[in-house]
Each structure stands twice: as C-alpha cells, then as structure tokens.
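Written below as structure tokens is the structure these notes are about.
Just so it is clear, none of the values below were taken in a lab; they were calculated from the coordinates. In this text the structure is predicted, and so the values were computed from the model without any measurement. Virtual Cβ from ideal backbone geometry, glycine too; neighbours counted across all protein chains shown.
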Amino acid sequence: MPLDFLKRRGGEPEKSAQPAKPKATIALPEEVVAQDYQLKLYYGGKSTEGVRMQAGPNAMAELPSMLAGIAQGDVEVVEPLPLEYSQAVPQIARPSEAMQWLNAHHQLSPITRHALVVLESIDAIDLAFDTFAGALLDGETDTSGYPEYNAIIGGLASHWDEATGDMIVRGVVGWGGRGVRGDTDRIAQRILGGILTNILASQFALGLTAVDRPVPAAGRGGLVCAHCGFASGHERAFYCPKCGMRLLRG
C-alpha cells in the first residue's frame with residue numbers, strides 16, 4: 001500500500017503577482033475655490049481745541065461734572081500712569097507692553113477699557129501725562145458690557161501746561177471696531193460740540209488755547225511729586241501730571 005504522504009510533492013506553481021492597480025488621475029480644476037477670511041478693524045476719533053483752566057485744588061475734581069447731560073452712565077476717571085507702566089500699550093502684537101497695559105487697567109470698567117484702547121490706538125490721548133474722564137456717550141453695549149462698534153465713547157482729557165502750570169482740558173470722542181456706521185461721524189461731531197460747551201461753561205475756564213501736548217523725553221525718568229507721591233514719566237516735567245503741583249528739584 002503506497003504511502004501517499006511520503007511522496008515528493010511537486011512544485012506548486014508560483015502565484016502570479018497581482019498587477020498593480022493604476023492610480024486614478026485627479027484632474028486639476030480650472031480655478032481654485034478659496035475660502036476667504038478677513039477682519040477689518042476701524043477706529044476713529046475727534047478732539048476739540050484745548051481750554052485753559054485756572055489751576056486749583058478743585059479743578060481736577062470738576063472734570064466728571066463737565067459731562068453732565070452727555071454721559072450715559074457713570075464717568076470714570078483714569079489718572080496718568082506711574083513710571084512702572086511707562087511702556088504700557090494696548091497692542092497684542094507687543095506682549096510685554098500689552099501685559100503692562102492689562103495690569104494697569106484691569107480694575108476699570110469694560111466701557112473705560114474700550115475707550116482707552118480706541119483713543120490710545122489713534123493717539124488721541126497719552127496716559128504718560130493725560131488724565132482721562134470717560135463714559136459711554138452714545139449707543140449700546142453688548143452682553144459682556146463692552147460698547148458696540150458704532151457706540152461713541154470718550155469724554156475729557158486734561159494735562160498740566162509745563163510753561164504756566166494751568167490745566168488744559170480737551171474734549172475727545174472715539175468709536176470703532178468691526179466696521180463703522182454712516183452717521184457715526186455726524187453724531188460724534190454733535191457730542192463733541194456739547195462737551196466743548198460744557199468745558200467753556202466751567203467757572204475755571206479761561207478760554208481756548210492752542211498749547212500742544214507735552215512730549216515725554218527719553219531718559220531715566222522724572223521726579224517724585226512731594227505732594228501726591230506720583231513718579232513723573234519724563235525728566236523734563238516741571239509739574240506733576242497727576243496733581244499739577246510743581247516738582248521740587250535738587
């Protein structure tokens with residue numbers, strides 16, 4: 001009886017290699033369809049001429065009352081920044097300066113923070129020497145309390161004249177964000193006229209002036225005011241940006 005399992009197995013035919021499937025050819029479109037993404041930020045603002053105010057202990061305290069009948073809500077006063085925040089700017093592209101700005105203003109209301117972003121971005125105010133009294137002047141806020149893009153914010157910016165020691169007060173308004181409304185400029189002009197009228201009606205007003213705002217000088221910093229303890233942001237200052245008292249020098 002033959003033992004089949006002892007028989008030599010014949011060579012099995014090799015499996016023929018499967019031919020590779022041809023890759024499907026993808027036709028290029030004649031025109032590429034692109035998804036567009038864009039964000040346009042628009043900031044605008046206006047400022048009046050300066051009004052020279054008689055220096056005195058009550059001159060600075062009068063600022064919020066000059067917005068009576070114009071401000072929609074409380075008026076918040078922002079004093080000049082001390083020397084430790086001299087590099088603070090509201091620009092996210094400069095992280096260290098932006099962090100200084102947030103640390104300096106985190107306690108302010110959303111309306112005031114928005115006003116500072118707009119007005120500092122367009123160089124309408126400079127908190128190295130300006131005191132800002134601001135509020136919502138026209139428009140609405142969103143659910144988080146920030147003004148809508150077409151809302152108008154602003155108020156008063158004041159600084160002390162380096163030559164005479166008088167306080168110079170200007171009306172400033174600003175608006176903007178994602179777009180702009182057609183009648184915003186006209187409304188802002190009307191509000192600015194009302195602010196200037198209120199400033200000139202103050203008992204401390206001495207008349208319009210064309211005095212330019214001071215320019216901070218680069219250097220090691222200024223002096224410390226003996227009256228209020230504020231550290232001046234520039235070494236050429238003769239008057240304290242915060243209280244207006246003359247700085248004592250060596």
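Before moving on, here are some points about what is shown:
- Surrounding net charge for Gly207, when Lys and Arg each add one and Asp and Glu each subtract one, Cβ distance under 15 Å: -1
- For the range 42-209, a simple Cβ point-charge model (Lys and Arg +1, Asp and Glu -1, everything else neutral) yields a dipole of about 340 debye relative to the Cα centre.
- Using a cutoff of 8 angstrom between alpha carbon atoms and counting only pairs six or more residues apart, the relative contact order for the range 78-205 works out to 19 percent.
- Take every Cα pair under 8 Å whose residues are at least 6 apart in sequence, average their separation, divide by the length of the range 139-189, and the relative contact order is 34 percent.
- Two-decimal log10 I(q)/I(0) for the range 42-209, as the Debye equation yields it once each C-alpha is a single scatterer, q = 0.21 Å⁻¹: -1.45
- Between amide H atoms placed 1.01 Å from N, distances below 5 Å from Ala124 occur with no residue 5 or more places distant or on a separate chain.
- Sites Asp183 and Ile26, calculated FRET efficiency, Cβ-Cβ separation with R0 35 Å, nearest 0.05: 0.10
- Shape metrics for the range 122-178, restricted to C-alpha atoms - Rg then Dmax, Å: 13.8, 46
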